[in-house]
Amino acid sequence: MTGYVQIIEFRTSRIDELKKLADAMQSDSGPGSALRGTVTQDRDRPGWYLNIVEFDSYESAMSNSNRPEVSAFAAQMAALCEEPPRFYNLDVVQTWSAGPSTSTKAAVATAATAVAGATITGLTKARQRVQEKRTQRRRPATPPNTASTTSTPPRVVGHGETTAATDPEHRPASPPSSPSSS
């Protein structure tokens, strides 16, 4: 099976301007132009979008990318985004349809969205792990608290004196006995 899907993930607060830019680009088709495209909005992350673009093949997508007008479009699109867009390049392995009422366009969009969602979930988890590692590296290492807060300071031993710690035969002296009254 041939086919190629490119998913472009981007974040923007200027979606209306981006849609106008995409509309202008659609009217200017050339060699290797996309068969179809679908722009989706992420429900869980406001301001995030996925542009799912289908091509006949990887080669036709690369031919399309080499067109000067596509390079200009990509630069204008990037300028409308809060951060650089991310590209996912996918070879189509299988397509399916839920029945006669589902169009090929919807099936491709659904499959590509599922793949993108899984990819994004994996990337999000990877980013979280990296962030956790960075946070751990920034924290100063603190040794575990082994001393009791009520411990008494060590006794300083003078010259010639011994303690149980320095002489195993040393036994503490018994306190003086008080005179008993009988």
Original post:
Looking at ASP28, ASP44, which one is over 18 Å from TYR4 (Cβ atoms), modelled with pLDDT of 90 or more and either within 28 Å of the chain's Cα centre (by Cα) or not in a helix (DSSP H, G or I) (or both)?
Top reply: ASP44
**OP:** For MET62, work out the one condition from (1) part of a helix (DSSP H, G or I); (2) closer than 15 Å to MET25 by Cα it doesn't fulfil.
**Re:** (2)
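Suppose the filter is surrounded by 12 or more Cβ atoms within 10 Å (Cβ to Cβ) and either in a helix (DSSP H, G or I) or not hydrophobic (A, V, I, L, M, F, W, C) (or both); does ALA22 pass it?
In short, yes.
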**OP:** Any chance you could count how many residues in region 57-98 are hydroxyl-bearing (Ser, Thr, Tyr) and under 26 Å from ARG14 (Cα atoms)?
**Re:** 3
**OP:** Give the residues of region 87-106 that are in a loop (DSSP other than H, G, I, E, B), modelled with pLDDT under 65 and surrounded by 10 or more Cβ atoms within 10 Å (Cβ to Cβ), sorted by residue number.
**Re:** THR102, SER103
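The values are calculated or read from the model by the stated rules, or taken from the named source; none is laboratory data. Just so it is clear, the structure is predicted and the values come from calculations on it, not from any experiment. Cβ sites come from the backbone with ideal geometry, for glycine too, and all protein chains shown count toward neighbours.
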